[in-house]
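The values are calculated or read from the model by the stated rules, or taken from the named source; none is laboratory data. Source: prediction; values computed, not measured. All Cβ positions, glycine included, derive from the backbone under ideal geometry; neighbour counts span all protein chains shown. Heavy atoms of the whole protein, side chains included, go into the accessibility calculation; ligands, DNA and RNA do not. Shrake-Rupley method; radii C 1.70, N 1.55, O 1.52, S 1.80 Å.
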Amino acid sequence: MKLPKFTLIQKIDLPGDVNCNFDYDSKGNPELLCDAIKQPTINIENNQINQSDDEWIIKRGNKAISLYKGNENVVIDESSNNVIDYVFFDNKIYPIYFKNGKYIFNGNEYEKYIFYNARKIFLNKDKVEIYYKGNRIEIENGRKLYLSKNYISIVRDNLTVIIDKFSNINKLNITGKYLGYNEIYGDIFWEEKGIIKSARKGTLGICVDEVHLIGEFQGGLLIICGDKLKYYYNYGWRELNYYVESEFFIALSKSYIGLLDSNGKLAIYDNSFSKLIEFSNVSSFTVDNKKIYMMSKNGVIASSLLLENYKPFRVINSHNSFQSPVTINIDNGYWQDIHIENGQIINIKDEEGSSKLIYIEPYEFRKGNLNLHLGNLFFSTSLILNYSSDEPHIEFVDGKIFLATKGGKLIKYPDKNAILVGVIRFAIPTKVEANISINVADVVYNIKLEDEKVGEKKVEIPLNLYQSMDKLPIKINVYVWRKLIDSFEFLLPIVVISDNDHNKLVEEVRIIDNSLYKRVLLKRNQFFEWEEIYVHPADYKGVIVEKEGNVIDLDGSKIAVEKGYKIHKVQKNNYSREYLIFGIENPIEEITLNYNKHSLLIHAQIKKGVPFEIIYGVHSYRGVSEGVSKISFPIEPTYNCIKIRAYYWGFTWEKEYYFNSLHTSLILGYRISNHLKEILRTFGIQ
């Protein structure tokens, strides 16, 4: 089987607004002709793409746009909607208009405008103008014009003017479409009546549809008649069972025949029409005696040879080990699109001659096959690579499970009562991230290995065990690429630890919580701790009744008593108590003093139902308040203080009121003497 050896595969910066076809330049090198207003020269020579340092000029809407080295500029912004194209000529850009059934260009009117294979052709009754690669040909028109990739034929009455793609002009004494030249047949042409003739062989056949000569094939001729491919040999025609959309979709050389369909499938045949190979995503192509040239719509260009027994890869190392993965060398054209079904590429390195070193790790670390798909945008192939591999190695050293009894719990994980300890030794033949999971008693413990794949790690896994047994199984899984590649099982002994096994008393805690007194003894060893709790009642006086405004001491805290009740909490380290403080308000609300002749009147406003007493010198009064109590005492100049006591909720409230009794007595005496004086006056006593 023949496989293509790609001598070139490269993407060019092609504007998305253009379409291109392969042709050949004057040196016989493949070149690209595009439907741009102006384009750089692009050809292939010695397996290299040569592109001149020129700008692209393309039509976008009504505008002519210049594209050069990433910069985009508007060259012409034609406002007329009649503009249909532009022509680049004499370093200038000229618009083409279509108006009133005429094509207007450079101030002249034309009856017809044709764009064909990068040529822009204007026709009227008298002349033909052809613009190609910035050059212009003007020639007298005939009665008919025919086009092909390589020739323009202008038919006149007794001759045909032929203009080839290099702008050479010849005249032949024929009247029809010039198809081409062949050493055996000479000049070949198609007469207007549909007859195909040869200068040396005479009449060859008839084609009433559009005809194109493809070239010489096995001593005969290959042509397209309409959309049919036909082969002429020995005075006979054979219609080949192939559909050809246009002359741009077929190419012929001494070695190959290429047929392209509208889906981008390019089939390559040998000179006996045996299919050799098929390419995909092709928009244009050509062939010569050695190579096949192709291009994609997005500007990827490739050239290839078809070689018998060619292998696009070479195995460097087929054994996956701790030191090196599977390694293959892949030729240019096959590393652009690589897919491996049961493995993964971990690295790619450049080699001489555009090849690559591909480093691959299999998903299964045993003997097996790697299914590789190699290729590029145009072609891919599959191959099977046999490989072998070192296997993962896992050991679990000094593994034990310690289990605490009698309520013991782990120091760092108080919700756990057991711990697995040990050392895991590992060797995993991978260069990428690996993971080890340890599964024990419904717990999954993961170890992530990023750089070190050979080594050991200390393991401590907290557990909860609810039943006692001598041994416990554990399962260790090894993952690479998130895929399970191996599993190992071990049986670990269980060591039971009680609260009296070489444990130390590390702490004694005393806790008071309201009426609860708790004493906690804490014992510990390397992993576990146990609590011994002793509980006693701790009664305390939690309700405090006190006068409003008094300051009391609660467990060292100074509290100002407020009216009514309030809950107060005292919290300290391991100490918490709650108190209800009931503040009793002062029942003595208001005291008012008045004078009436020789008496002292006292208005006492005291909370109703509260017993009270009032003392004034040698006088006193005792009773129960009815809200407002009125008491009268004779004024004694000797005493100037009134004491009032109220008895409420077991507390005594006392207030003292002072006044100037002598002054008050003198005022009263003065008033009495004046009153007596008035009485005596009525009796005539002065």
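Annotations
- Just so you know, the Rg over Rh for region 313-389 is 0.95, from Cα atoms, with Rh as the Kirkwood radius.
- Loop-resident trypsin sites (Lys or Arg not before Pro) (DSSP state other than H, G, I, E or B) in region 340-404 with no more than 13 further Cβ atoms inside 10 Å of their Cβ: Arg366, Lys367.
- With the whole protein complex present, Asp187 retains an accessible surface near 40 Å², based on a 1.4 Å probe.
- In a DSSP loop and with at most 14 other Cβ atoms within 10 Å, the trypsin sites (Lys or Arg not before Pro) in region 95-132 are Lys125.
- Acute angle (nearest 10 degrees) that the helix 661-682 long axis makes with the longest principal axis of the chain, alpha-carbon atoms: 60
- Within region 348-388, backbone nitrogen closer than 19 Å to the virtual label 7 Å beyond the Cα of Asn298 toward Cβ: 374-381
- Cα-based shape type of region 581-635, given that a ≥ b ≥ c are square roots of the gyration tensor eigenvalues and the cut on a/c is 1.5: prolate
- Exposure rank, largest accessible area first [Met295, Met469, Met1; 1.4 Å]: Met1, Met469, Met295
- Pairwise FRET efficiency - Asp13 versus Asp164, Cβ, R0 = 22 Å, nearest 0.05: 0.10
- Computed over neighbours whose Cβ is under 12 Å from that of Ser262, the net charge equals -2, Lys and Arg +1, Asp and Glu -1.
- At R0 = 45 Å, FRET efficiency that the Cβ-Cβ distance of Asn386 and Leu240 yields, to 0.05: 0.55
- Region 282-342: relative contact order as a whole-number percent, Cα under 8 Å and 6+ apart: 19
- The spacing between region 31-48 and region 81-96, judged by their C-alpha centroids, is 21 Å.
- Each of Leu484 and Lys406 was given a label point 7 Å from its Cα along the Cα-to-Cβ line. The distance between the two points is 4.2 nm.
- Only Cα pairs under 8 Å and 6+ residues apart enter the sum, and on that basis the relative contact order of region 543-584 stands at 46 percent.
- MRE, 222 nm, helices only [DSSP H, n ≥ 4, -39500 (n - 2.57), over the chain, to nearest 500]: -1000 deg cm²/dmol
- Inter-part distance, region 427-476 to region 278-355, computed on C-alpha centroids, equals 42 Å.
- In the chain, Cα pairs under 8 Å separated by at least six residues give a relative contact order of 6 percent.
- Solvent-accessible area per residue in region 486-538 equals 63 Å², computed with a 1.4 angstrom probe and all protein chains kept.
- The accessible surface of the chain, taken with every protein chain in place and a 1.4 Å probe, is 46 percent carbon and sulfur.
- Charges were assigned to the Cβ only: +1 to each Lys and Arg, -1 to each Asp and Glu. The resulting dipole of region 50-126 about its Cα centre is roughly 280 debye.
- What separates the Cα centres of region 617-653 and region 525-565 is a distance of 41 Å.
- Those Cys residues of the chain for which no other cysteine Cβ falls under 4.7 Å: Cys641
- Set against the labelled values [x] 26.2; [y] 26.9; [z] 38.5, Kirkwood radius over Cα pairs in Å computed from this structure falls on [z].
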